[in-house]
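Written below as C-alpha cells is the structure these notes are about.
The values are calculated or read from the model by the stated rules, or taken from the named source; none is laboratory data. These figures come from a predicted structure and were not determined experimentally. FYI the Cβ positions are ideal-geometry reconstructions off the backbone, even for glycines, and counts take in every protein chain you see. All accessible areas refer to the heavy atoms of the entire protein, side chains included, with ligands and DNA or RNA removed. Shrake-Rupley method; radii C 1.70, N 1.55, O 1.52, S 1.80 Å.
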Amino acid sequence: MLELTTLFFGVLLSSILGFYIYFYLATRFQVQATPNFRSLHSRLIPRGGGIVIAASVLLGISGIYLRHHFSSRLFITFLLGGVASATIG
C-alpha cells in the first residue's frame with residue numbers, strides 16, 4: 001500500500017511541476033488562447049495544458065503496471081486509450 005501512495009504523490013508532484021514548466025514554455029513561445037466575445041477570460045492565457053494531465057495519468061498507469069497490479073492486456077488497453085484520447089484532445 002505504501003508503494004502505491006508513493007506512486008500517487010510522485011505523479012501528483014510531476015503533474016504540478018509539469019504544469020509550471022508547460023505554462024512557462026507556453027507563455028514564452030506564445031502558445032496562448034486569444035479571448036473573444038465567447039471567452040470566459042479577458043486576457044491571454046496558455047492553452048494546451050491538458051497534455052500534462054494526459055502524461056501524468058499515463059505515467060501513473062505505467063507505474064501501477066510496473067508494480068504488477070495490472071495485467072499486460074489491461075495496461076495496453078489503458079495505454080492505447082489514453083494515447084488516443086490525448087491525441088484527439
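All of (1) at pLDDT below 90; (2) open to solvent by less than 70 Å² (accessible area, probe 1.4 Å) hold for Ile61 with one exception: (1).
For Ser39, the conditions (1) part of a helix (DSSP H, G or I); (2) without any contact (Cβ under 8 Å) to a residue 12 or more places away in the chain are fulfilled apart from (1).
The residue that is nearest to Glu3 (Cα to Cα), among those in segment 66-89 that are in contact (Cβ under 8 Å) with a residue 12 or more places away in the chain and assigned to a helix (DSSP H, G or I), is Phe75. Return a yes/no flag: does segment 8-15 have any residue that is polar (S, T, N, Q) and in a loop (DSSP other than H, G, I, E, B). So far as segment 8-15 goes, no, none of its residues is polar (S, T, N, Q) and in a loop (DSSP other than H, G, I, E, B). Residues in segment 1-39 that are open to solvent by less than 60 Å² (accessible area, probe 1.4 Å), under 17 Å from Gly63 (Cα atoms) and of a type in the set (Ser, Thr, Tyr): Thr5, Ser14, Ser15.
Among the residues of segment 48-58, what is the count of those that are open to solvent by less than 70 Å² (accessible area, probe 1.4 Å) and in a helix (DSSP H, G or I)? Write out each step before concluding.
Applying the first criterion (open to solvent by less than 70 Å² (accessible area, probe 1.4 Å)) to segment 48-58 yields 48-50, 52, 54-56, 58.
Applying the additional criterion that residues be in a helix (DSSP H, G or I) yields 50, 52, 54-56, 58.
Result for segment 48-58: 6.
Among the residues of segment 27-48, are any modelled with pLDDT of 90 or more and within 12 Å of the chain's Cα centre (by Cα)? Checked segment 27-48: no residue is modelled with pLDDT of 90 or more and within 12 Å of the chain's Cα centre (by Cα).
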